[in-house]
Amino acid sequence: MSSQQGFNPPPGPPPQQQYAQQPQYQQPPNPPPRRSETEQLLPTGQDRTEQLEYFQSYEANANQTEDDRNQETLQKEFPGVDSSLIAALYGDNKNMSEVRETLQELTRENA
């Protein structure tokens, strides 16, 4: 090859025209959300409604234990304290006076 010979491009349209001739990619419409295996096992529609009604009925008719009543009392006495914290404190020792004292200390510190 001599230094005077230049590069000869291959015959055909320039690269920009080749891309313009290809069909444009179109995004498919939004697919429905993917459900996990657990979600696929759960009831849906009317079955789910019936299940929720059954659970609500069961909870409404269930007998409360003394522990449940005590926690409910503490929640009413200390509405600014998270119910899960009250349940955890009560669950540790089940002594109303000790839990009440602890909750009073917590509410004094946050006031």
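Observations
- The sole residue among S57, S84 that is loosely packed, with under 10 Cβ neighbours inside 10 Å, in a helix (DSSP H, G or I) and at pLDDT 85 or above is S84.
- Test set (1) assigned to a helix (DSSP H, G or I); (2) loosely packed, with under 10 Cβ neighbours inside 10 Å - P31 fails condition number: (1)
The values are calculated or read from the model by the stated rules, or taken from the named source; none is laboratory data. Predicted model only: the values in this text are computed from it and were never measured. Neighbour counts run over all protein chains shown; Cβ positions are idealised from the backbone, glycine included.
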